[in-house]
Amino acid sequence: MGDFLKLVQNENMKIYRRLRTWIMFAILVLLMMLFGVLFYMGSSSSPIGAWDAVDQLSFLYFLVSIFSVVVAADIVAAEFTWGTIKLLLVRPWTRTKILVSKLLAVLLFTLAMSAVYLLANMAVSFLLFPDIQSGVFPKGSGGPLGYIMEDLLYNYIDLLVITIFAFMVSTVFRTSGLAIGLSMFILFAGNIFTMLFHPTRYAWAKYMLFVNMDLGQYRGGQVGPAGMTLGFSAAVLTGYVLAFLLIAWFVFKKRDVAA
Amino acid sequence: MVQEPVVRIQGVSKKIGSKTLIDNLTLDIPPGQVYGFLGPNGSGKTTTIRMMVGLMSITQGDILIQGSSIKSDFERAVSHVGAIVENPEMYKFLTGYQNMVHYARMSPGITRERIMEAVERVGMQHRIHDKVKTYSLGMRQRLGVAQAILHRPKLLVLDEPTNGLDPQGIRELRDYLRILAKEEGTTVFVSSHLLSEMELMCDTVAVIQQGRLIDVKELNHGDAPADGQRETAFDVDHPAQALELIGAGRIEGSSLIVAVDRSAAAAINAKLVMAGISVYGIRVVTRSLEDQFLEMTGGGHIG
Ligand SMILES: Nc1ncnc2c1ncn2[C@@H]1O[C@H](COP(=O)(O)OP(=O)(O)OP(=O)(O)O)[C@@H](O)[C@H]1O
Ligand SMILES: [Mg+2]
């Protein structure tokens, strides 16, 4: 087990020793600061509270999704483009273990990025805006922090699904470009698909990945279109994620490496 | 001396689609040897090596390394192997040292000292803390050898290792591989089409063509016997006249070539000089492995 953690340590080294990774963190923090200041200047007439600012700045979480997709799309494909896969696989570790170590490193990265996002968001909001009673958030039921964290959890699940999708495409096609492109397509064109094939019109549509990705739609016990519930969407998402992982594992295990 | 082979390639075939890349290859590689794997371009050397180290699946047959099957007991089998398959690609954004640490973490019990020992072995200690992207091809090749020997493998598999090395580097590698085999008992399996190279460093050479094993040759590293007939070329100003005078042999360019032993060669030389023919040079024509190889494989057909 201790030895397996060394594999994860290797993958981490390959993520964090790249300049690219630090540029991603820098962009996230800088844009957070920039938008914080913009909101601050825009709100001079009608001041908003710090918690409201946290909520407004939360749109920047899409950056965390994009950066996570980029890392996941690269982690297997890059070994093939660099040719390093040959040396990586000629070691006393099965391919399954190598792949799992890469997946774990990606998950750790998504957690690290999410943590930095949350810290930056809170820091910017509470430095620039007064900690006053929020006009937006409903009182009681966990308060603003609870609301923010619940929101983040839904967004994180969304991110996980799309990141694991990118991980699969990267493993199957060995090109990060395709993985990034397809993932971005799902991320941004999902709404269009949901509109075209709405679950209320097509019975099968509720099994599509797109319509289940936003778990926030069930907040407060709401029921989605065509009777979809939180439990239903969670089950569908789990099914998709398991399928993505199985495909990635199967292809990675069987592949003839002739890089 | 019968020793358990380090590698047993047992009736291995590789098919991709309808194409047979390797056809029922059987080969035992004895321990402590530098074992050459020779064949023209496209004959299947790299394919065989990829199957040996588990990068490619084996369609039929099996490969045992130290008695463990690369198919069914991959982790144990491959733990005895160090390899460079074609070019050794490294992580360019890491330093040489960080690359070594990366591979050190993947094998049990490799200390910092062992890393530096391997690095010094290939003469890279002065540049090891530079990023790999600043390395030349030869330097990357050296680092490749260092990562391959890091865990003191029983079997070192090298696919065209002299690619990109300068003459000095080639010589060092050759000497080093021989030392590894002799002193540490490592078996070195090395593929190449640089035949003269193989002749200099291998104990045994297996020749492959179109995916089939066609010959296994033990090379004699002792000098050829001093007497005995050898083809000898006399470089002269009038080869036709010389042929007439000696009455044997054949003409190649400006040389008369005769099969003679040492004393006869001296006698012929005297005869030529007496007859007023200028002799510019005398040399023994060696039939190199290269010639034998070309003969066996029938010239340079690819495929
Ligand atoms: N993925 C593949 N699909 C189909 N054929 C392949 C594949 N990889 C290699 N081959 C074919 O297999 C044969 C053997 O190739 P291999 O790379 O093993 O040759 P080699 O002996 O290493 O040659 P070289 O000296 O040029 O390195 C060639 O005819 C090649 O075209
Ligand atoms: Mg080759």
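Could you check A:Phe232 against (1) within 27 Å of A:Val70 (Cβ to Cβ); (2) open to solvent by less than 60 Å² (accessible area, probe 1.4 Å); (3) modelled with pLDDT of 90 or more; (4) away from chain B (no Cβ under 14 Å) and say which number it fails?
Every listed condition holds for A:Phe232 apart from (1).
Might you let me know whether region B:102-110 holds any residue that is surrounded by fewer than 16 Cβ atoms within 10 Å (Cβ to Cβ), closer than 16 Å to A:Arg17 by Cβ, modelled with pLDDT of 95 or more and more than 16 Å from ligand 1 (Cβ to nearest atom)?
Within region B:102-110, none of the residues are surrounded by fewer than 16 Cβ atoms within 10 Å (Cβ to Cβ), closer than 16 Å to A:Arg17 by Cβ, modelled with pLDDT of 95 or more and more than 16 Å from ligand 1 (Cβ to nearest atom).
Between B:Arg76, B:Arg127, which is away from chain A (no Cβ under 13 Å), more than 30 Å from B:Lys217 (Cβ to Cβ), open to solvent by 40 Å² or more (accessible area, probe 1.4 Å) and among the basic types (Lys, Arg)?
It is B:Arg127.
For (1) in contact with a Pro (Cβ under 9 Å, 6 or more places away or on another chain); (2) under 24 Å from A:Ser183 (Cα atoms), each residue gets a yes or a no:
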{"position": "A:His198", "(1), (2)": "yes, yes"}
{"position": "A:Leu209", "(1), (2)": "no, yes"}
{"position": "A:Leu215", "(1), (2)": "no, yes"}
{"position": "A:Arg219", "(1), (2)": "no, no"}
{"position": "A:Ala226", "(1), (2)": "yes, no"}
{"position": "A:Leu230", "(1), (2)": "no, yes"}
{"position": "A:Ser233", "(1), (2)": "no, yes"}
{"position": "A:Val236", "(1), (2)": "no, yes"}
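Among the residues of region B:43-55 satisfying the criterion of being open to solvent by 10 Å² or more (accessible area, probe 1.4 Å) and either away from ligand 1 (no atom under 13 Å from the Cβ) or out of contact with any strand residue (DSSP E or B) (no Cβ under 7 Å at 6 or more places or on another chain) (or both), which is nearest to B:His80 (Cα to Cα)?
If we take residues in region B:43-55 being open to solvent by 10 Å² or more (accessible area, probe 1.4 Å) and either away from ligand 1 (no atom under 13 Å from the Cβ) or out of contact with any strand residue (DSSP E or B) (no Cβ under 7 Å at 6 or more places or on another chain) (or both), then B:Gly54 is nearest to B:His80 (Cα to Cα).
Which of the residues spanning region B:25-42 are over 26 Å from B:Leu180 (Cα atoms), modelled with pLDDT under 95 and either within 14 Å of chain A (Cβ to nearest Cβ) or touching a strand residue (DSSP E or B) at 6+ places or on another chain (Cβ under 8 Å) (or both)?
B:Pro40, B:Gly42
Output the qualifying pairs, or none if there are none: Cβ atoms under 7 angstrom, residues six or more apart or on different chains, first residue in region B:49-65 and away from ligand 2 (no atom under 13 Å from the Cβ), second residue open to solvent by 20 Å² or more (accessible area, probe 1.4 Å) and assigned to a helix (DSSP H, G or I).
Short answer, once both residue conditions are applied: B:Gly54/B:Phe74.
Across region B:184-194, which residue is nearest to B:Gly32 (Cα to Cα) among those that are within 16 Å of ligand 1 (Cβ to nearest atom) and open to solvent by less than 10 Å² (accessible area, probe 1.4 Å)?
Checked region B:184-194; the qualifying residue nearest to B:Gly32 (Cα to Cα) is B:Phe189.
Can you list the helices (runs of 4 or more DSSP H) found entirely within region A:12-117 that contain at least 3 residues being under 18 Å from A:Asp158 (Cβ atoms) and not aliphatic (A, V, I, L, M)?
Once the helices (runs of 4 or more DSSP H) in region A:12-117 are filtered for at least 3 residues that are under 18 Å from A:Asp158 (Cβ atoms) and not aliphatic (A, V, I, L, M), what remains is A:61-75.
Can you tell me which residue among A:Met184, A:Met195 is out of contact with any strand residue (DSSP E or B) (no Cβ under 7 Å at 6 or more places or on another chain) and farther than 30 Å from A:Thr81 by Cβ?
Being out of contact with any strand residue (DSSP E or B) (no Cβ under 7 Å at 6 or more places or on another chain) and farther than 30 Å from A:Thr81 by Cβ holds for just one of A:Met184, A:Met195, which is A:Met195.
Can you pull out the residues in region B:18-39 that are more than 7 Å from ligand 1 (Cβ to nearest atom), of a type outside the set (A, V, I, L, M, F, W, C) and out of contact with any Asp or Glu (no Cβ under 6 Å at 6 or more places or on another chain)?
B:Ser18, B:Thr20, B:Asp23, B:Asn24, B:Thr26, B:Asp28, B:Pro30, B:Pro31, B:Gly32, B:Tyr35, B:Gly36, listed by residue number.
Determine which member of the set B:Glu244, B:Glu199, B:Glu231 is loosely packed, with under 12 Cβ neighbours inside 10 Å and either of a type in the set (D, E, K, R) or within 14 Å of B:Phe37 (Cβ to Cβ) (or both).
B:Glu244
Are any residues in region B:96-124 within 10 Å of chain A (Cβ to nearest Cβ) and of a type in the set (Ser, Thr, Tyr), and if so, which ones?
The answer is B:Tyr103, B:Ser107.
Any idea which residue in region A:65-92 is nearest to A:Leu178 (Cα to Cα), counting only those that are of a type in the set (Val, Ile, Thr) and either open to solvent by 10 Å² or more (accessible area, probe 1.4 Å) or within 10 Å of chain B (Cβ to nearest Cβ) (or both)?
The qualifying residue nearest to A:Leu178 (Cα to Cα) is A:Val70.
What number goes with the only condition from (1) open to solvent by 50 Å² or more (accessible area, probe 1.4 Å); (2) touching a residue at least 12 places away in the same chain (Cβ under 8 Å); (3) within 14 Å of chain B (Cβ to nearest Cβ) that A:Leu104 does not pass?
Condition not satisfied by A:Leu104: (3).
Looking at B:Tyr35, B:Tyr91 in this structure, which one is surrounded by 19 or more Cβ atoms within 10 Å (Cβ to Cβ), aromatic (Phe, Trp, Tyr), under 25 Å from B:Leu219 (Cβ atoms) and away from ligand 2 (no atom under 16 Å from the Cβ)?
Answer to the selection: B:Tyr35.
The values are calculated or read from the model by the stated rules, or taken from the named source; none is laboratory data. What you are looking at is a predicted structure, and each value in this text was computed from that prediction instead of being measured. Using ideal geometry, Cβ is built from the backbone for each residue, glycine included, and neighbour counts are taken over all protein chains shown. To get the accessible areas, we keep the full protein, side chains included, count just its heavy atoms, and leave off ligands, DNA and RNA. Shrake-Rupley method; radii C 1.70, N 1.55, O 1.52, S 1.80 Å.
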